[in-house]
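Peer 1: Shown below is the structure under consideration.
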Amino acid sequence: MNRVSVAIDQWRRERPDLDLLPMELAGRLTTVGRHLSQQYLEPFFKARGLQLREFDVLAALRRAGAPYALTPTQLFEALMVSSGGMTHQLDRLEKAGLIARQPNPADRRSMLVTLTEAGLGLVNETLPQHLENETRALETLSREEQQTLNALLAKLQDGLEAKASD
């Protein structure tokens, strides 16, 4: 029996008057996220000399399409990280030769972050392997179950984000 089930069973015994479903769902979501990160994502990217957030930066630039360039603000908004954290990631990626920072020709007050050829090659090579890794992580669920879970999580995410913007 997993830790969430044990805790919920204990609460049911001690407080049978409470509806514990929200606690159970939140606990399972948190635990699943932690397992995905610790068992699959972090080791996968570490083996490639990257951190997950660094790959997120490279992937965001790749998704932007040619010329694979975004402003730091666009990256910050796309990845929902602090500006300090973004600066640290950009510094590491630039030092590794995976991105370059250059003046923005459309706005002299800002910079553009662009994928280098090495960065583009790394994303293109790593993305299919990353998807295979995530497929292994989710193989307990059938394709149909994954689609159902995805739809439910998208609905939950939309609702949480709507409440956060109010």
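The values are calculated or read from the model by the stated rules, or taken from the named source; none is laboratory data. Owing to the predicted nature of the structure, the values given are computational and were not obtained by experimental measurement. Using ideal geometry, Cβ is built from the backbone for each residue, glycine included, and neighbour counts are taken over all protein chains shown. With ligands, DNA and RNA removed, areas are computed over all heavy atoms of the protein, side chains included. Shrake-Rupley method; radii C 1.70, N 1.55, O 1.52, S 1.80 Å.
Peer 1: Take the residues of the range 125-144 that are touching a residue at least 60 places away in the same chain (Cβ under 8 Å) and either touching a Gly at 6+ places or on another chain (Cβ under 9 Å) or open to solvent by less than 80 Å² (accessible area, probe 1.4 Å) (or both): which is farthest from Arg63 (Cα to Cα)?
Peer 2: Step by step, filter the range 125-144, then rank; the result is Ala137.
Peer 1: Select from the range 108-166 the residues that are in a loop (DSSP other than H, G, I, E, B) and in contact with a helix residue (DSSP H, G or I) (Cβ under 7 Å, 6 or more places away or on another chain) and list them in ascending order.
Peer 2: Leu138, Leu141
Peer 1: When only residues in the range 38-73 that are surrounded by 13 or more Cβ atoms within 10 Å (Cβ to Cβ) and among the hydroxyl-bearing types (Ser, Thr, Tyr) count, which is farthest from Leu93 (Cα to Cα)?
Peer 2: Going through the qualifying residues, I end up with Tyr40.
Peer 1: Take Ala164 and tell me if it is more than 21 Å from the chain's Cα centre (by Cα), among the small types (Gly, Ala, Ser) and over 25 Å from Gln38 (Cα atoms).
Peer 2: Here the answer is no, as Ala164 does not meet what is asked.
Peer 1: How about the range 1-99: which helices (runs of 4 or more DSSP H) wholly inside it have at least 2 residues that are more than 22 Å from Glu134 (Cα to Cα)?
Peer 2: So the answer is 3-14, 21-35, 72-79, 83-95.
Peer 1: Out of curiosity, is Leu120 over 28 Å from Arg34 (Cα atoms), of a type in the set (A, V, I, L, M), at pLDDT 95 or above and open to solvent by less than 80 Å² (accessible area, probe 1.4 Å)?
Peer 2: yes
Listed here are the residues, each with its yes/no results for (1) over 18 Å from the mean Cα position of the chain (by Cα); (2) modelled with pLDDT under 90.
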| site | (1), (2) |
| --- | --- |
| Asp56 | no, no |
| Ala66 | yes, no |
| Ala69 | yes, no |
| Phe76 | no, yes |
| Met80 | no, yes |
| Ser83 | no, yes |
| Gly97 | yes, no |
| Arg101 | yes, no |
| Thr114 | yes, no |
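Peer 1: Test Asp17 against the stated conditions and say whether it is outside the structural domain of Leu122 (by the TED database), among the acidic types (Asp, Glu) and out of contact with any Phe, Trp or Tyr (no Cβ under 8 Å at 6 or more places or on another chain).
Peer 2: yes
Peer 1: For the range 74-98, name all the residues that are open to solvent by 80 Å² or more (accessible area, probe 1.4 Å) and either among the acidic types (Asp, Glu) or not assigned by the TED database to the domain that holds Glu161 (or both).
Peer 2: Within the range 74-98, Glu77 is the sole residue that qualifies.
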